[in-house]
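The structure appears below as structure tokens.
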Amino acid sequence: MVVLDRGCCPNCGQALGYDRVEGLVAGLFALFALSFGPGAKLAVYSFDVAVLTTIAFIDLRHRYVYTVITLPSLILALVLTPIATGTSPVRTLLGFAVGALTFLGFYVLGRLLYRGAEPMGTGDITIAALVGAMVGFPRVIGALFIGIFASAVIGLTAMMAQRTGRRGFFPYGPGLCIGALLALSSEIVASL
């Protein structure tokens with residue numbers, strides 16, 4: 001019988017550190033619950049928080065975006081966001097399109113500039129589309145802007161910690177998820 005250390009990844013052996021996220025997620029759940037009360041909007045936003053934090057921390061730790069998480073979440077966001085939050089289906093689809101096309105454009109431009117090298121993971125395009133579907137249009141613009149800025153801060157921090165060189169890889173996913181969480185939280189501020 002194999003006994004795994006509770007704090008280590010069974011594949012790579014690195015310390016997980018996911019337990020540090022529980023307080024953040026619980027706080028966001030409480031914030032949304034106090035702001036919106038019980039109902040469909042709270043359920044959808046709680047789902048969004050759970051998905052975004054899961055994606056962010058897996059990408060930050062393992063530099064991988066799992067389609068098994070993002071694709072079903074994207075489909076659910078396209079269906080549930082208009083129903084539960086009052087965002088129109090058109091704004092939800094427009095948010096999805098802006099997120100996906102913006103990062104697809106960055107990806108293609110990066111491939112051209114770096115002569116075929118991978119400028120970012122294709123999972124980042126999926127995350128941007130998911131962010132757009134969750135927050136809708138026009139909030140996707142602010143969410144992506146904040147996400148790109150947060151990704152730059154994460155990248156600079158990684159460079160200064162000498163974990164990566166100037167051309168090294170750093171994940172965009174955590175920054176994009178931060179942008180989405182702030183966009184979702186902005187509805188709370190607007191309601192005050």
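The values are calculated or read from the model by the stated rules, or taken from the named source; none is laboratory data. The structure displayed is predicted, hence computed values, not measured ones. All Cβ positions, glycine included, derive from the backbone under ideal geometry; neighbour counts span all protein chains shown.
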Wholly within the range 27-133, which helices (runs of 4 or more DSSP H) include no fewer than the required count, namely at least 1 residues that are within 11 Å of the chain's Cα centre (by Cα)?
40-62, 67-85
Pairing a residue in the range 179-192 that is within 12 Å of residue 31 (Cβ to Cβ) with any residue that is at pLDDT below 65, where Cβ atoms lie under 6 Å and the two sit 6 or more apart in sequence or on different chains, gives none
Looking at 67, 85, 102, 53, which one is of a type in the set (Val, Ile, Thr) and farther than 26 Å from residue 153 by Cα?
85
Criterion (at pLDDT below 95, surrounded by fewer than 19 Cβ atoms within 10 Å (Cβ to Cβ) and at negative phi) met by exactly one of 83, 75:
83
Among the residues of the range 98-113, write down those that are in contact (Cβ under 8 Å) with a residue 40 or more places away in the chain and of a type in the set (Gly, Ala, Ser).
99
From (1) in contact with a Leu (Cβ under 8 Å, 6 or more places away or on another chain); (2) under 13 Å from residue 130 (Cβ atoms); (3) surrounded by 19 or more Cβ atoms within 10 Å (Cβ to Cβ), pick out the condition that doesn't hold for residue 47.
(3)
Kindly provide the set of residues from the range 9-44 that are modelled with pLDDT under 65, in contact with a Leu (Cβ under 7 Å, 6 or more places away or on another chain) and surrounded by 10 or more Cβ atoms within 10 Å (Cβ to Cβ), ordered by number.
9
Checked the range 50-72 for anything surrounded by 14 or more Cβ atoms within 10 Å (Cβ to Cβ) and either among the β-branched types (Val, Ile, Thr) or in contact with a Cys (Cβ under 6 Å, 6 or more places away or on another chain) (or both); matches are 51, 52, 53, 54, 55, 56, 58, 65, 69, 70
In the list 43, 50, which residue meets the criterion of being among the hydrophobic types (A, V, I, L, M, F, W, C) and more than 18 Å from residue 127 (Cβ to Cβ)?
43
